[in-house]
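*Asks:* Just dropping this structure here.
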Amino acid sequence: MSLSRSLQLDGRIKLRHLSCFIEVARQRSAVKAASAIGLSQPAVSKTIHELEDFLGTVLFEPKRRSMVLTPIGEMFLRYATSSLVALKQGIRTVAQDAGGEHATFTVGALPTASARILPAALANLSRHLPNIRLRVVTGSNDVLLSQLRLGDIDLVVGRMASPEAMHGLAFEYLYSERIALAVRPAHPLLAHGQQDIADVGRYQLLVPPPGSVIHPIVERYFIARSIHPSQGEIETVSDAFARNYLLRTDAIWVISEGVVAEDVASGALALLPVDTNDTNGPVGLTTRTDTDLSFPAQPVMAAVRDVVAERARAASAHSVDASRVRQNKRDNSPKPARNRGGP
């Protein structure tokens, strides 16, 4: 590429070119990238071709129905990602300072975090830092991680993504959580005690859609147990819809246990007594590795850690109390009379 041509790049390469390039590189597919960033596949392909034309080089090469970065594409990805994130942070900070506003910290929340962890964590944080500006966004895992990479989100709280989706990201483990099968309290399967997991297949299922972090976990769980639903599944990420749908039907909601923990504690929903321990997965904090965290990051992350630690202590105390109750019952139970008969 000539020097004269390189000097013309600033005016032609737009943010949309970089955003599109980064997402195609991550997804290794124009179709998947289009879905993640809300564009049509032809629009994504056109944008990539424009960028390659502006740069005067090939960034991707097709391989087995996927788009693989060339060596130059790999190099450009590192610079494009860090530059785009830094630029967005700079624009946001300048705009807020010019308007006399405090910086806004954006948290991406997967379902288990938005239901169980973040409300308590951010309530505690707001009491200590009343002027902090927070934004909480929800969505599927692939969408939130895409926004995190592009600098639109500062932190994601929830289950860890698959290894291939964690490139360029850091994960801090907080605790493990399993999948649960939630139903209305008067569900027919609850009348039979311990369930044969095969019975689940006779009912309609509400399941996480492709792109959600627990979708492959749920699929493996059912395949391993030869469960084939007899009724049409409903894919949803809407907690409000799922809760209301369960109360009107005999459907079974397959979801992270933390999402329905308070519903179960209040008696609004119940869990089927089936073993899902092999669906345990790590829950924690996901951040980028290529940029420094902005000011609110540390207090936000600390608030989340505090809530998790508090819940762990409460669960441990409850377990100890339950163990003592069981021991007291054994100690106070009537002892069988000894047979003192003799000759």
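The values are calculated or read from the model by the stated rules, or taken from the named source; none is laboratory data. Since the structure is predicted, the reported quantities are computational estimates derived from the model, not experimental observations. Here Cβ is always computed from backbone atoms with ideal geometry, including for glycine, and neighbour counts include all displayed protein chains.
*Asks:* Go through region 162-195 residue by residue and tally those that are modelled with pLDDT under 90 and small (Gly, Ala, Ser).
*Replies:* First, pick out the residues of region 162-195 that are modelled with pLDDT under 90: 162-168, 191-195.
Going one step further and asking which of them are small (Gly, Ala, Ser), we end up with 162, 165, 168, 191, 193.
Adding up the residues that qualify gives 5.
*Asks:* Please state which one of Thr47, Thr81 is in contact with a Lys or Arg (Cβ under 8 Å, 6 or more places away or on another chain), closer than 14 Å to Ser146 by Cβ and modelled with pLDDT of 80 or more.
*Replies:* Every option except Thr81 fails the conditions.
*Asks:* While we're on this one: Return the residues of region 26-49 that are assigned to a helix (DSSP H, G or I), over 21 Å from the mean Cα position of the chain (by Cα) and buried (at least 17 other Cβ atoms within 10 Å of the Cβ); say none if nothing qualifies.
*Replies:* If the condition is that a residue be assigned to a helix (DSSP H, G or I), over 21 Å from the mean Cα position of the chain (by Cα) and buried (at least 17 other Cβ atoms within 10 Å of the Cβ), then Ala30, Val44, Ser45, Thr47, Ile48 are the ones that fit.
One line per residue, one yes/no per condition, for (1) over 30 Å from Tyr203 (Cβ atoms); (2) among the small types (Gly, Ala, Ser); (3) surrounded by fewer than 15 Cβ atoms within 10 Å (Cβ to Cβ); (4) out of contact with any Leu (no Cβ under 6 Å at 6 or more places or on another chain):
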position	(1), (2), (3), (4)
Ala261	no, yes, no, yes
Ala268	no, yes, no, yes
Leu271	no, no, no, yes
Asn277	no, no, yes, yes
Gly281	no, yes, no, yes
Thr286	yes, no, no, no
Met301	yes, no, no, no
Glu310	yes, no, yes, yes
Ser316	yes, yes, yes, yes
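*Asks:* Something else about it: Residue check, Ala170 against (1) in a strand (DSSP E or B); (2) buried (at least 20 other Cβ atoms within 10 Å of the Cβ); (3) not assigned by TED's automatic domain parsing to the domain that holds Ile255, all met but one. Which one?
*Replies:* Of everything listed in (1) in a strand (DSSP E or B); (2) buried (at least 20 other Cβ atoms within 10 Å of the Cβ); (3) not assigned by TED's automatic domain parsing to the domain that holds Ile255, Ala170 misses just condition (2).
*Asks:* Shifting gears a bit: In region 196-210, what residues are in a loop (DSSP other than H, G, I, E, B) and either closer than 29 Å to Asn141 by Cβ or at pLDDT 90 or above (or both)? Give the derivation first.
*Replies:* The first filter runs over region 196-210 and keeps only residues in a loop (DSSP other than H, G, I, E, B), leaving 196, 203-204, 208-210.
Of everything in region 196-210, those that are in a loop (DSSP other than H, G, I, E, B) and either closer than 29 Å to Asn141 by Cβ or at pLDDT 90 or above (or both) turn out to be Tyr203, Gln204, Pro208, Pro209, Pro210.
*Asks:* Mind checking which residues of region 128-165 are assigned to a strand (DSSP E or B) and over 10 Å from Thr286 (Cβ atoms)? Reasoning before the result, please.
*Replies:* Start the filter on region 128-165 by keeping residues that are assigned to a strand (DSSP E or B), which leaves 133-138, 155-159.
Listed by number, the residues that qualify are Arg133, Leu134, Arg135, Val136, Val137, Thr138.
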